[in-house]
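Reviewing the structure listed below.
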Amino acid sequence: MPSNDQLSELLRPDRTVLLTVECQQGVVGPDAALPELARQARSSGALANVARLVEVAHRTGVQVVHAVAERRPDGRGANRNARLFRAAERLPVRQLSGTTAVRVAAPIEVTGEDFVVRRLHGLSPIQGTDVDALLRNLGCRTLVVTGVSANVAIPNAVFDAVNRGYTVVVPTDAIAGVPAEYTSAMIRHTLALVATLVTTDEAIGALRRSRGRVGPA
C-alpha cells in the first residue's frame with residue numbers, strides 16, 4: 001500500500017480516469033440477468049462504493065468512463081465461441097442495445113462530461129473498444145477500475161490496461177463477483193500482483209488531497 005502522498009500523486013486528476021465496468025441495469029439492477037451477481041454487488045456495498053467514487057471524480061475533475069456490454073437484437077457480430085456467450089443468449093434479461101438493461105444503474109450518476117463506451121463483442125471493456133484511444137487522448141496515466149465482475153471483466157480490464165502501459169488502481173471494495181470468496185482470492189492472488197490495491201475511502205481521500213496537483217509529471 002503506497003503512502004498518502006504517493007497515492008495522491010498517483011491519482012492526480014489531470015492524468016487519472018475512473019472506469020466503471022458493466023454497472024448497468026441488466027447486470028446489477030433489480031431485474032438483472034444474473035441475480036446472484038446483482039445481489040452481491042449491492043449487498044457487499046460495491047455498487048454504492050462505485051457511485052461514491054464517481055461522485056467524487058465529478059467533484060475533483062477526474063474523467064469518468066462507463067464501459068457497457070450490449071448486443072444487437074439480431075445478435076450480429078456477437079461472440080458465440082465460449083459457454084458464457086451461449087448462456088447469455090438464453091437468459092431472461094438480455095443486454096440489448098437501446099433497452100433499459102444497458103443503462104448505467106442507480107445509484108451511479110452519469111453526467112454530460114462522462115464517456116459511455118458500448119461494446120458489442122468480446123469480454124474486455126478495453127480490447128476492441130474505444131477506451132484505450134480515449135484514455136491516451138485524455139492524457140491518462142492511472143486507470144481506476146471498478147464494477148463487475150471479478151470473475152471475468154474486471155481482471156480482463158486490469159490486464160489489458162497494464163499491457164498498454166497504464167498504472168492500475170483497484171478499490172477492492174468497489175468490485176464484485178460470485179461467489180464472494182472467489183473475489184477475495186482473485187484480489188489477493190492475482191490483482192495484487194499487477195495493480196495498486198486500495199479501499200474506496202483511501203481512493204476518495206487521495207482524490208480530494210490531489211485536487212490541486214496538476215502539471216508535468
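The values are calculated or read from the model by the stated rules, or taken from the named source; none is laboratory data. Since we're looking at a predicted model, the values are computed, not measured. Every residue, glycine as well, gets a Cβ built from its backbone with ideal geometry; the counts of neighbours run over all protein chains shown. The protein model used for the area step is the full one, side chains on, heavy atoms only, and it has no ligands, DNA or RNA in it. Shrake-Rupley method; radii C 1.70, N 1.55, O 1.52, S 1.80 Å.
Is the shape of region 102-216 best called rounded, prolate or oblate, per the rule: a/c under 1.5 gives rounded, else a/b larger than b/c gives prolate, else oblate, with a ≥ b ≥ c the square roots of the Cα gyration tensor eigenvalues? Rounded. Let a ≥ b ≥ c be the square roots of the eigenvalues of the Cα gyration tensor of region 30-146; is it rounded (a/c under 1.5), or, if not, prolate (a/b larger than b/c) or oblate? In terms of gyration-tensor shape, oblate. In terms of overall dimensions, the chain has a Cα radius of gyration and Dmax of 16.3, 51 angstrom.
Pairing the Cα long axis of helix 200-209 with the longest principal axis of the chain, what angle in degrees results, from 0 to 90 and rounded to the nearest 10? Relative to the chain, helix 200-209 is tipped by roughly 40 degrees.
The residues H66, H121, sorted by heavy-atom accessible surface at 1.4 Å with ligands and nucleic acids left out, run H121, H66 from largest to smallest.
Every helix of 4 or more DSSP H residues in the chain counts as -39500 (n - 2.57), and over all residues that averages to -9500 deg cm²/dmol at 222 nm. Between L193 and M1, the contour length at 0.36 nm per residue exceeds the alpha carbon distance by 67.9 nm. State the percentage of accessible surface on region 76-217 attributable to carbon and sulfur atoms; use a 1.4 Å probe and exclude ligands, DNA and RNA. That fraction is 52 percent.
Counting only protein heavy atoms and a 1.4 Å probe, the chain has 47 square angstrom of accessible area per residue.
What is the packing order of peptides 67-74, 150-157, taking the mean over residues of other C-beta atoms within 10 Å and listing the highest first?
So the order, starting with the most tightly packed, is 150-157, 67-74.
Hey, quick one: spin label on R90, modelled 7 Å out along Cα-Cβ, who in region 60-79 has an amide N within reach, i.e. under 20 Å? Counting only backbone N, you get 71, 74-76, 78-79.
The distance from the alpha carbon centre of region 89-164 to that of region 15-69 is 10 Å, rounded to a whole number.
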